[in-house]
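The values are calculated or read from the model by the stated rules, or taken from the named source; none is laboratory data. The model shown is predicted, which means the values in this text are computed figures rather than measured ones. Neighbour counts are summed over all protein chains in view; Cβ atoms, including those assigned to glycine, are modelled from backbone coordinates with ideal geometry. Only protein heavy atoms, including side chains, enter the accessible area calculation; ligands, DNA and RNA are left aside. Shrake-Rupley method; radii C 1.70, N 1.55, O 1.52, S 1.80 Å.
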Amino acid sequence: MKQSVIVIGDKADPEFEKVIGKGLDEFNELKAGFSDRRPLSVMVKDPDGNGILGGALGRTSLGLAFLDLFYLPDSLRGSGLGTQVLKAFEDEARERGCGSAVLYTINFQAPGFYEKNGWVRFGEVSSGQEGISRIFMSKKL
């Protein structure tokens, strides 16, 4: 039997993502009796039609929402828009049947923002770089 080849990359590969996603969906279906993994995005668009300014990206799966990426430019921070985006993400996750959500943020990013919005820290891992750590948070929806 030939040995499998391991390939390491740094570019998104749609075919690879399709294979991994399909495999996980089939495994989840077998073990849980269903598979409901879906992307979840909340976009903030320029009111003048000049494109996307920021927003949130994540997914829902088996009753849990994962907030993977969240960004707003400095010019939009502090206006309440971030809270609106986060609430929209959480509301959509609830609509999909999620009871909880998880995320991680970097200590110099937005842990205070998430805490202000009801998220709770459950762990912190140092990156090994001086003063940089990931803070893991969750919220009951």
Point to revise | Total lysine pairs under 19 Å (Cα atoms) in the chain, excluding pairs fewer than 8 apart on one chain | key: 7
Check your understanding: If we restrict to alpha carbons, what Rg and Dmax does the stretch 1-67 come to, in Å?
Key -> 17.0, 59
Point to revise | Solvent-accessible surface (1.4 angstrom probe) belonging to Ile132, in square angstrom, nearest 10 | key: 50
Point to revise | Calculated FRET value between Lys31 and Ser79, using beta carbons and R₀ = 41 Å, to 0.05 | key: 0.40
Practice item. Mind checking the per residue accessible area of the chain for me, 1.4 Å probe, whole number of Å²? Key: 71
Exercise for review: Would you work out the relative contact order for the stretch 1-133, in percent, from Cα pairs under 8 angstrom that are 6 or more residues apart?
Suggested key: 16
Point to revise | Inter-label distance for Leu24 and Ala88, nm, one decimal - labels placed 7 Å from Cα along Cα-to-Cβ | key: 2.4
Point to revise | the stretch 64-141-the stretch 7-40 distance, computed between alpha-carbon centres (Å) | key: 23
Revision key, fill the gap. Across Pro111, Pro39, Pro47, the residue with the highest GNM fluctuation in the chain (Cα network, 10 Å cutoff) is Pro47
Check your understanding: How big is the Kirkwood radius of the stretch 88-140, worked out from every pair of different alpha carbons and given in Å to one decimal?
Key -> 11.9
Study note, to complete from the structure: Computed Rg/Rh for the stretch 73-115 (Cα atoms; Rh = Kirkwood radius) stands at 1.01
Study note, to complete from the structure: dims of the chain, Cα set, principal axes, largest to smallest, nearest Å -> 59, 40, 37
Practice item. Compute the projected area of the convex hull of the Cα atoms of the stretch 49-96, averaged over all viewing directions, and report it in nm² to one decimal place. Key: 3.9
Study note, to complete from the structure: With a 1.4 angstrom probe the carbon and sulfur portion of accessible area for the stretch 79-124, in percent, totals 52
